[in-house]
Amino acid sequence: MSRILFAVLGLAGISLAATNYPFPYQANYPYGIHSSAVLAATLQKHYTAWKGNYYIESGDKARIMWEDDVVLTNPVATGAGCTNQNGDCTVSEGIGYGMLITVYMDNATNNTQAMFDKLWTYYSYSANLDGNGLMNWMTHGFDRTLQTGAATDADLDVALALCMAYKQWGDAKYQTNAITMLGKIWDREVGSNVFKPDDQGTGNIFNPSYFAVGAARVFGQVDKNHNWASVADGCLSKLSTIQANYSTGLVPDWVDGNNSANDHNGSGTTKFGYDAVRTPWRVALDYLWFGTSSAQTFESKILTWIKGAAVGIKGNLPDYIKMEYNLDGTTTSPSTNAVYRGALVVPAMASVGDTAWLRGGSTLLAGMGTDNVSYFNDCWKILYLLTLSGNFQNFWGTVQPSAIVPSGSRPEASWLATVRPGAVELRGEGAVRAQLMDLSGRILSQTSGVGSASLSRPQGHGVWLVRILGDHPQTLSVVAN
């Protein structure tokens, strides 16, 4: 005999983990579109490989190993260099990427909160901080600083991760740490309503990929002491001016005070390089989360160029995307990588008419292997896939935490489940996205459909939870006797 029970919190002592948005938490963004082509199992596979390759602990601290395809040969102040063979160094941006990945990948199986806390402890460890209380941008293992001064992009990612951690796990310490850190960023890394490149007073030089406009608007939701909206608007205005200089819509790695490409730190003056490549993602979040029209305009210019460049080549699909583009759109590279492929697929999320480009690009990106020696590509692959699949939500926005439906209540969009041999059948109105979980919160299968859907279930007897995702989430308990 099989039957269904609506779940209640007291049912046999069952409760879900304290994670409010356990992965996968795929939902519609308030604006734009996402792709259903990225399966949670595929994203989980990439995360597991990333963790094994780059995450390393020592006591109460953890770092992300800086491994790259290119050996860093220029000497640093201590006389010790970094190599890609042993990952003996860490850069602050890697801590930021790690904290973002772990706050969004948490569930009962991954259990990433402890990892997140250890990464934050590494960032905030006194020996790793500069005189402004922000992390020095390069460190050696767990023992010393190699290059002093903070990098703004890293600090913004860490602050955003702290903001999301408060909503993810409900511990007030994350919000307190976020507000404290945002005060330091405001004092040292904001000027004339744009983000400066560091906290050392560098003037009249800017990095467009540091203009985290979506994050800035989230900061305004968390920190009421500063006008973060003015910074987001200021950065978008500057990006628009820079973008207008190039028919492709691409922006350079660095610009001077006149918004012209600048060869800062040997970046080159005609490159949409490995700094600039991050810009489309940072701007896209502003549209996906807040619907900012100028952010959508920024994305559409890049999308128009890359799709036009692909006309007649492999059916106008994103397998044409290469890497290391010049600002005029030319490239001598015969190949691609995850960071460029993701960067030039993300703009389609701001245009409802480009589902083929979005789906095709998401599928290609998800199918890429792990580099193993390029932490940068592998970090960004996960961040892109989380975003493309609808799993990179603003927890301070419109999405709601997962929750058990209290006994006797009926959500606006109600679904019924029936247990069949090897499956749980769902019936209801409209579209549905659902997951089958065991009592620990581990996801066993997932599905989507319209009016009906089927979830694969283990054979035999058992009790499982069916989580309905979307605007009116509910969780059902199903029992097979």
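Principal semi-axes of the equivalent ellipsoid, √(5λ) from the alpha carbon gyration tensor of the chain, are 38, 26, 21 Å from largest down. Within the range 276-302, what residues put their amide N at less than 20 Å from the label point 7 Å along the Cα-to-Cβ vector of residue 247? Under cut-off, by backbone N: 298-302.
When each of the peptides 146-155, 109-118 is scored by how many other beta carbons lie within 10 Å of its residues on average, the order from highest to lowest is 146-155, 109-118. Placing unit charges on the Cβ atoms of the charged side chains and taking the dipole of the chain about its Cα centre, the candidate lying farthest along the positive direction among 39, 387, 116 is 39.
By the rule of a C-alpha distance below 29 Å, with chain neighbours fewer than 8 residues away ignored, the lysines paired with residue 173 are 51, 61, 118, 184, 196, 224. Once the Cβ-Cβ distance of residue 224 and residue 129 is raised to the sixth power relative to R0 = 35 Å, the FRET efficiency obtained is 0.85. Once the Cβ-Cβ distance of residue 442 and residue 479 is raised to the sixth power relative to R0 = 22 Å, the FRET efficiency obtained is 0.80.
Stretched out straight at 0.36 nm per residue, the stretch from residue 18 to residue 333 would grow longer than its current Cα-Cα span by 108.8 nm. Amide H contacts of residue 474 (H built 1.01 Å from N, in plane; Pro and chain starts excluded): 468 sit under 5 Å, all sequence-distant by 5 or more or on other chains. Sequentially through the range 216-223, phi angles give Karplus couplings (6.51, -1.76, 1.60; θ = phi - 60°) of 4, 6, 5, 4, x, 6, 9, 10 Hz, Gly and Pro residues having no value and appearing as x. Between residue 269 and residue 48, residue separation times 0.36 nm minus the direct Cα-Cα distance comes to 75.8 nm. Note: relative contact order over the chain, using C-alpha pairs below 8 Å and six or more positions apart, is 19 percent. Here the range 175-268 was treated as a single set of alpha-carbon atoms; its pair distances binned every 5 Å from 0 give 3, 14, 24, 23, 17, 11, 6, 2, 0 percent. Our estimate of slack between residue 58 and residue 121, defined as 0.36 nm per intervening residue step minus the Cα-Cα distance, is 21.6 nm. Rounded to the nearest 10 square angstrom, residue 290 shows an accessible area of 60 square angstrom against a 1.4 Å probe.
Based on Cα contacts under 8 Å between residues 6+ apart, the range 230-378 shows a relative contact order of 21 percent. Coupling constants for the range 157-170 follow from the phi torsions by the Karplus curve (6.51 cos²θ - 1.76 cosθ + 1.60, θ = phi - 60°), and in residue order they are 5, 5, 5, 5, 4, 5, 4, 6, 4, 4, 6, 5, 10, x Hz; glycine and proline get x. For the range 250-385, lysine pairs separated by 8 or more sequence positions, or belonging to different chains, with Cα-Cα distances below 16 Å total 4.
Helix-only arithmetic for the chain: the sum of -39500 (n - 2.57) across DSSP H runs with n ≥ 4, divided by the residue total, places the mean residue ellipticity at 222 nm at -11000 deg cm²/dmol. Each label was represented as a point 7 Å from its Cα along the Cα-to-Cβ direction; for residue 240 and residue 461 these points are 6.6 nm apart. Would you be so kind as to identify which of 338, 281, 400 lies farthest towards the positive end of the dipole of the chain, taking Lys and Arg as +1 and Asp and Glu as -1 on Cβ and the Cα centre as origin? Sorting the options by dipole projection puts first 400. If you wrap the tightest convex hull around every Cα atom of the range 258-383 and split its volume per residue, you get 124 Å³. The residues 278, 457, sorted by heavy-atom accessible surface at 1.4 Å with ligands and nucleic acids left out, run 457, 278 from largest to smallest.
The values are calculated or read from the model by the stated rules, or taken from the named source; none is laboratory data. On a predicted model such as this, the values are computed, not experimentally measured, just so you know. Neighbour counts run over all protein chains shown; Cβ positions are idealised from the backbone, glycine included. Note: accessible area is taken over every heavy atom of the protein model, side chains too, but ligands, DNA and RNA are not part of it. Shrake-Rupley method; radii C 1.70, N 1.55, O 1.52, S 1.80 Å.
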